[in-house]
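The values are calculated or read from the model by the stated rules, or taken from the named source; none is laboratory data. Owing to the predicted nature of the structure, the values given are computational and were not obtained by experimental measurement. Backbone-built Cβ (ideal geometry, glycine too); neighbour counts: all protein chains shown.
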Amino acid sequence: MISDSGIDLGEMLHRSIKPDAGAVVAFVGVVRADPGVRAMEVEVYDEAAVEELRRIKDEAIARFGVSSVDVVHRKGRLSPGEVIVVVVCASAHRKEAFRACEYVIDELKRRVPIWKKELTEEGGRWVKGDAF
């Protein structure tokens, strides 16, 4: 899911906790406070991003046998310290949940059309991503 407002990590974790899940693993990405960076502008091709995220989630479930995968990525203007992305994976066992979580964030960075621009006092500069 793509959101232009805050991410409720507690709600995401709550949705993932089920009787068959012995492990829930979360990755929380935060906008770094790099020197001179005042904010980050995140642009997303929404329709393509949602579809690609759906494919990645389905792949993770099939590949690692996890019971659920939940992903939310922010868009818009974000300040250092704000949460930009959350991935939550639940499974019967921890190894599968960890592997699925890592797979999802790696594939998201590689395949989902999301662009980040660091805003500084001198202007803006696009951040080189894995794929975009």
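A few remarks follow.
- For the residues A97, A33, the requirement of being farther than 17 Å from I2 by Cβ and modelled with pLDDT of 95 or more singles out A97.
- Residue within the range 62-75 that is under 14 Å from F27 (Cβ atoms) and in a loop (DSSP other than H, G, I, E, B) present: yes
- Residue within the range 29-36 that is in contact (Cβ under 8 Å) with a residue 24 or more places away in the chain, surrounded by fewer than 14 Cβ atoms within 10 Å (Cβ to Cβ) and assigned to a strand (DSSP E or B) present: yes
- Extreme residue, nearest to G22 (Cα to Cα), among residues of the range 90-104 that are under 12 Å from the mean Cα position of the chain (by Cα) and buried (at least 18 other Cβ atoms within 10 Å of the Cβ): C101
- Matching residues in the range 1-50 - criterion: being of a type in the set (K, R) and closer than 19 Å to L119 by Cβ: R32, R38
- The residue list R74, R54 contains one member that is surrounded by fewer than 19 Cβ atoms within 10 Å (Cβ to Cβ) and not hydroxyl-bearing (S, T, Y), which is R54.
- Filtered residue count, the range 76-110, keeping only those that are of a type in the set (D, E, K, R) and part of a loop (DSSP other than H, G, I, E, B): 1
- Every condition in (1) under 23 Å from L13 (Cβ atoms); (2) within 14 Å of the chain's Cα centre (by Cα) is met by K116 except one, and the failing one is (1).
- Any hit, the range 45-59, residues being assigned to a loop (DSSP other than H, G, I, E, B), over 19 Å from S91 (Cα atoms) and at pLDDT below 95: yes
- Of the criteria (1) surrounded by 15 or more Cβ atoms within 10 Å (Cβ to Cβ); (2) touching a strand residue (DSSP E or B) at 6+ places or on another chain (Cβ under 9 Å), which one T120 fails: (1)
- Answer from G124, G81 - the residue that is in contact (Cβ under 8 Å) with a residue 24 or more places away in the chain and on the phi > 0 side of the Ramachandran plot: G81
- Sole residue being of a type in the set (A, V, I, L, M), modelled with pLDDT of 90 or more and loosely packed, with under 12 Cβ neighbours inside 10 Å, chosen from I7, I17: I17
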